[in-house]
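Quick notes on the structure that follows.
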Amino acid sequence: MAGAREFISVAREEIGYQEGFSDGHWDNDNKFGRWYGMNEEAWCGMFVSWVADRSGNGDIVPRYAWCPAGVEWFQERGRWSEYPAVGSVVFFGPGGGNHTGICIGYTDDEITTIEGNTNDSGSAEGDGVYLKTRPRKSSYVYGYGVPEFPEGAVVADPDWKGRPGVVHFGEQADESDIPAGGDATPAPAPQEEKRTADETATDSAPDPRQVVIDGLAYGPGSSGEHITRLGEMLVRAGCGAYRVGPGPEWTEADTESVRRYQRMIGDTGADADGIPGPRQLARLTEEYGR
């Protein structure tokens with residue numbers, strides 16, 4: 001199944017792979033180059049291309065050996081950013097022409113990557129596939145191509161907030177923040193399935209006050225690890241109303257904590273009802289997510 005999780009999973013399986021060694025030196029003989037048809041050449045871009053193909057993402061990640069061609073492909077499609085994204089293709093050096101890899105997570109200060117044709121020192125001409133941590137704000141980092149993953153993109157770029165198919169996690173995110181499922185925009189419930197509050201009283205239909213954001217339910221009756229994460233962010237925001245918790249089951253303490261946050265950011269009336277909206281959740285995550 002295509003998507004960011006599979007893209008990263010396939011790349012992880014290759015960590016530790018090394019090219020051939022002959023006549024006392026590494027020789028660029030590798031399976032990625034043989035697959036691409038350009039063996040014994042610099043192969044960082046061929047590694048990314050191979051991972052995309054093997055993970056079912058070949059239509060949203062370009063097939064490239066020359067790094068500037070990869071940069072151009074993303075830029076032409078409006079999928080380019082100077083900010084990292086989980087599962088994005090990162091390009092290094094002037095014009096992005098020196099080296100490339102896959103960004104699997106980021107903080108305010110660092111990016112974590114999986115790169116082919118590098119080494120322990122991070123060379124653009126190395127010997128294998130390595131898991132690397134690099135300074136995020138280094139001038140060596142040129143930018144990122146963000147694939148249009150079916151489950152949505154987890155990005156740091158503030159200009160991408162509200163863009164269809166995007167989940168915004170601000171200054172820090174990793175694989176755990178990738179949305180579940182294969183569609184970043186949940187389809188609305190069929191009209192015939194909508195019910196009144198009286199009709200739901202006799203069965204287990206969702207509480208009508210619930211909202212669904214990025215495929216996850218929030219509000220009375222909802223549960224899951226995302227509810228715990230919401231509560232933890234509210235506590236960090238100084239809005240927690242919890243005596244015990246927060247926990248995975250939505251409680252009145254969650255409603256009151258959300259209401260406090262809504263009021264803290266200046267929302268009133270229906271916008272301060274204790275149930276998060278997409279804009280409010282995005283802002284809370286950006287400012288207090290970890």
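A few comments on the model shown:
- Count of residues meeting criterion [open to solvent by 90 Å² or more (accessible area, probe 1.4 Å) and assigned to a loop (DSSP other than H, G, I, E, B)] in segment 1-45: 4
- Among residues of segment 94-114 that are buried (at least 24 other Cβ atoms within 10 Å of the Cβ), those with a beta-carbon under 7 Å from a residue that is assigned to a strand (DSSP E or B) and acidic (Asp, Glu) at least six positions away or on a different chain give the pairs 101/115.
- Here residue 231 passes the criteria (1) more than 19 Å from residue 177 (Cβ to Cβ); (2) open to solvent by less than 20 Å² (accessible area, probe 1.4 Å) except the one numbered (1).
- The single residue among 90, 48 that is in a helix (DSSP H, G or I), in contact with a strand residue (DSSP E or B) (Cβ under 8 Å, 6 or more places away or on another chain), open to solvent by less than 70 Å² (accessible area, probe 1.4 Å) and farther than 19 Å from residue 151 by Cβ turns out to be 48.
- Of residues in segment 209-267 being of a type in the set (S, T, N, Q) and part of a helix (DSSP H, G or I), the one nearest to residue 290 (Cα to Cα): 228
- Cβ-Cβ contacts under 8 Å between residues 6 or more apart (or on different chains), taken from a first residue in segment 9-24 that is touching a residue at least 60 places away in the same chain (Cβ under 8 Å) to a second residue that is part of a helix (DSSP H, G or I) and surrounded by 13 or more Cβ atoms within 10 Å (Cβ to Cβ), are listed as 11/51; 14/47; 14/51; 17/31.
- When segment 195-223 is limited to residues that are polar (S, T, N, Q) and modelled with pLDDT under 90, the one that is farthest from residue 152 (Cα to Cα) turns out to be 202.
- Test: residue in segment 60-76 that is in a loop (DSSP other than H, G, I, E, B), closer than 22 Å to residue 127 by Cα and open to solvent by 70 Å² or more (accessible area, probe 1.4 Å): yes
- Filter result (out of contact with any strand residue (DSSP E or B) (no Cβ under 8 Å at 6 or more places or on another chain) and within 20 Å of residue 13 (Cα to Cα)) within segment 51-62: 52, 53, 54, 55, 56, 57, 58
- Selection status of residue 272, open to solvent by less than 40 Å² (accessible area, probe 1.4 Å), without any contact (Cβ under 8 Å) to a residue 40 or more places away in the chain and within 29 Å of residue 165 (Cβ to Cβ): yes
The values are calculated or read from the model by the stated rules, or taken from the named source; none is laboratory data. Quick caveat: nothing in here was measured; it's all calculated off a predicted structure. No Cβ is skipped: glycine too gets one built from the backbone with ideal geometry, and neighbour counts run over all protein chains shown. Ligands, DNA and RNA are stripped out before the accessible areas are found, and what is left, the full protein with its side chains, is counted by its heavy atoms. Shrake-Rupley method; radii C 1.70, N 1.55, O 1.52, S 1.80 Å.
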